[in-house]
1. Which of the residues belonging to segment B:40-57 are within 14 Å of another protein chain (Cβ to nearest Cβ) and in contact (Cβ under 8 Å) with a residue 24 or more places away in the chain?
2. Any chance segment B:164-185 includes a residue that's over 30 Å from A:Val308 (Cβ atoms), away from every other protein chain (no Cβ under 14 Å), among the hydrophobic types (A, V, I, L, M, F, W, C) and surrounded by fewer than 16 Cβ atoms within 10 Å (Cβ to Cβ)?
3. Just to check your reading of the model, which residue among B:Arg265, B:Arg280 is among the charged types (D, E, K, R), more than 27 Å from A:Ser50 (Cβ to Cβ) and more than 9 Å from chain A (Cβ to nearest Cβ)?
4. Going through segment A:177-220 one residue at a time, which ones are in a helix (DSSP H, G or I) and closer than 27 Å to B:Gly297 by Cβ?
5. Kindly evaluate A:Glu261 against the criterion of being within 27 Å of A:Ser71 (Cα to Cα), among the charged types (D, E, K, R), modelled with pLDDT of 95 or more and assigned to a helix (DSSP H, G or I).
6. Of the conditions (1) on the phi > 0 side of the Ramachandran plot; (2) surrounded by 17 or more Cβ atoms within 10 Å (Cβ to Cβ), A:Val73 satisfies every one except a single condition; which number is it?
7. Kindly list the number of the only condition in (1) under 27 Å from A:Leu17 (Cβ atoms); (2) within 14 Å of chain B (Cβ to nearest Cβ); (3) free of Cβ contacts under 8 Å to residues at least 40 places away in the same chain that fails for A:His74.
8. Give just the number: which of (1) at the interface with chain A (Cβ under 9 Å from one of its Cβ atoms); (2) surrounded by fewer than 17 Cβ atoms within 10 Å (Cβ to Cβ); (3) basic (Lys, Arg) does B:Arg274 not satisfy?
2 protein chains.
Amino acid sequence: MPATPMRKQVEEYILDLQNRIVGAFEQLDPNSPPFRRDEWTRNEGGRGISCVFATPDDDKSVLEKAGVNISIVHGMLPPAAMKQMRAEHGSVPIGDSSMPFFAAGISLVVHPRNPHAPTVHANYRYFEITDLPAEGEKSAEDGTPAIGKLLAWWFGGGCDLTPSYLYEEDAVHFHHTIKAACDPHGAALYPEFKKWCDKYFFIPHRGESRGIGGIFFDDLCDKTHHVLPDSIERPRTPEDIFAFIKSTGDTFVPSYVPILETRMRTPFTPAHRRWQLLRRGRYVEFNLVYDRGTKFGLLTPSARIESVLMSLPETARWEYMTEVGTEEGSEEAKCLEVLRNPKEWV
Amino acid sequence: MPATPMRKQVEEYILDLQNRIVGAFEQLDPNSPPFRRDEWTRNEGGRGISCVFATPDDDKSVLEKAGVNISIVHGMLPPAAMKQMRAEHGSVPIGDSSMPFFAAGISLVVHPRNPHAPTVHANYRYFEITDLPAEGEKSAEDGTPAIGKLLAWWFGGGCDLTPSYLYEEDAVHFHHTIKAACDPHGAALYPEFKKWCDKYFFIPHRGESRGIGGIFFDDLCDKTHHVLPDSIERPRTPEDIFAFIKSTGDTFVPSYVPILETRMRTPFTPAHRRWQLLRRGRYVEFNLVYDRGTKFGLLTPSARIESVLMSLPETARWEYMTEVGTEEGSEEAKCLEVLRNPKEWV
């Protein structure tokens, strides 16, 4: 009997991870309603489950807005899309006909109500391009269509923290937990992916980062990497890379939930809330203007817009030339300082 | 004595229009503080005045957030920028050296507090590309640098209304006033520019328009137009086009202020406010994802970001799969219906 195909393993993993993460949040706040679960299917092939938390008429909940989504989709990738992908994924085959693809991933954003509790985001994904099935090839006995030879595949993902008020011990805990999950898979992974994260979440027009970082990576596969030098020791077989992905996915709850638990009941004033909403405005700016996933979703005619824009906060605020955060030595200025000059936390 | 150059005429006009518009809003709400006036200069050449209204700590004002900005800038346009511009401005010269440009415009966005009062936006602008001054050419006696031969020029602009609650009589008044300002300059202008406006302010990922339209136009010059067929009667000399621009600019106050006056004291509930904030979320989506002026500003390293993003509302809201607006026959659904199917108002 052959080993379970990677796409199946990833599907099982993200389904389970979604349940564990949603469960952790529900357990933390048993007095609030559970997450809403929406299962959807995609006409072009595939399905997803969106787990969303929102209580627009109630401000007692720990979370304000949160989404933990998975999607498992497949279809045909046009040559133009493949050409574009080749810039960041050197293994994408060259050709002028559409090729079958498969993509599975989990994506989450959690905006807590309390201004002292940080927003968090994480995303782990797997992508495959396969050959067309050989002529006459039969479907599997269980009815799933035949899958051609695997031509290209990669994993990508990351997670990052966005506080409105900086608690250094929270930043250290978050980065430390993630580093501990990365290190067994290669000592260079955390430092390289931390750097990549700071670069990715930079908002050029504001000259500041969206948050205090975490890790970000893409194109992890057996081939030459478009960003990492070949000298870097990193997992290269599908099994080794998937083991790394599982480590980082599994570490989400321990990296974030203890921080939320510590901050979720911190007393706050309307001034704290106002600053939090201004920071959420920056979050919206990053996601709508720069985030690749969001941009890709907005441009995809068949995308499920409610899932794509689930990352946006319940409320955001923009003030012209706001004076909040400009007072030297204030807690707001302290946070801004770190967003303007990303630092090493471990 | 030569006629005043067009760039000088435009500068004088927008300075005066800005004062008149700001004055009209200040007169409407004498108990609120006046607009804040920020004059700025651009290192690369030029200046601007931002007039902004914001009272983040007070919810008694008629306006919630408003900006009426002018900018008068000049500098050198790189060949790559000119090449890009040529798609929409056929008169832009072909060449591989940078050319001097001049741009002057007024841009305004007004978000009132009352959910029954619509948001309004308007923008009128003038652009010039000139040759380098002839070698040895002296600056004018008043110290302004010599200006080379005019190689290309155009006007652009428009205005549009974004209600959260649809009052048909307001939509009719707005469009009727604008049409009356357009008609003396060519009977086809209003219908063509209304169509263009509906097209421009469409939000593809939502399948709806940002608002109920108005007019939108660009590239108005003496040459062939990139959108309008040559058969359309339209102003073609600089003086005739500028007269049209002045008509539409002058009509801003009468097209909008009476609507605001009628709606600004309408009683409203938290449910009305919630819907207004959801609609403001759509406004943010359009401006950050699609609006050309905003995108251009975000990509311009020397741009004044606070002015570029002044158009964003004070507060906006996003709910996952919101049920607001889905109830058939509700006032919210009535507004959505018109945003999904733009109609003719005059």
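1. Taking segment B:40-57 as the starting set, the residues that turn out to be within 14 Å of another protein chain (Cβ to nearest Cβ) are B:40, B:48-57.
Those that are within 14 Å of another protein chain (Cβ to nearest Cβ) and in contact (Cβ under 8 Å) with a residue 24 or more places away in the chain: B:Trp40, B:Gly48, B:Ile49, B:Ser50, B:Cys51, B:Val52, B:Phe53, B:Ala54, B:Pro56.
2. If we filter segment B:164-185 for residues that are over 30 Å from A:Val308 (Cβ atoms), which is where we start, we get B:167-185.
With away from every other protein chain (no Cβ under 14 Å) added as a condition, the list becomes B:167-185.
Now restrict to residues that are among the hydrophobic types (A, V, I, L, M, F, W, C): B:171-172, B:174, B:178, B:180-182.
Those still in the list that are surrounded by fewer than 16 Cβ atoms within 10 Å (Cβ to Cβ) too: B:172, B:180.
Checked segment B:164-185: at least one residue is over 30 Å from A:Val308 (Cβ atoms), away from every other protein chain (no Cβ under 14 Å), among the hydrophobic types (A, V, I, L, M, F, W, C) and surrounded by fewer than 16 Cβ atoms within 10 Å (Cβ to Cβ).
3. Details: B:Arg280 fails: more than 27 Å from A:Ser50 (Cβ to Cβ).
After ruling out the rest, the residue left standing is B:Arg265.
4. Start the filter on segment A:177-220 by keeping residues that are in a helix (DSSP H, G or I), which leaves A:177-185, A:189-200.
Residues satisfying the conditions are A:Cys197, A:Asp198, A:Lys199, A:Tyr200.
5. Considered against the rule, which asks whether it is within 27 Å of A:Ser71 (Cα to Cα), among the charged types (D, E, K, R), modelled with pLDDT of 95 or more and assigned to a helix (DSSP H, G or I), A:Glu261 comes out as no.
6. A:Val73 satisfies every listed condition except (1).
7. The number of the failed condition is (2).
8. The number of the failed condition is (2).
The values are calculated or read from the model by the stated rules, or taken from the named source; none is laboratory data. Note that the structure is predicted; figures quoted are calculated from it, not measured. Because the Cβ atoms are built from the backbone with ideal geometry, glycine has one as well, and the counts that use them run over all protein chains shown.
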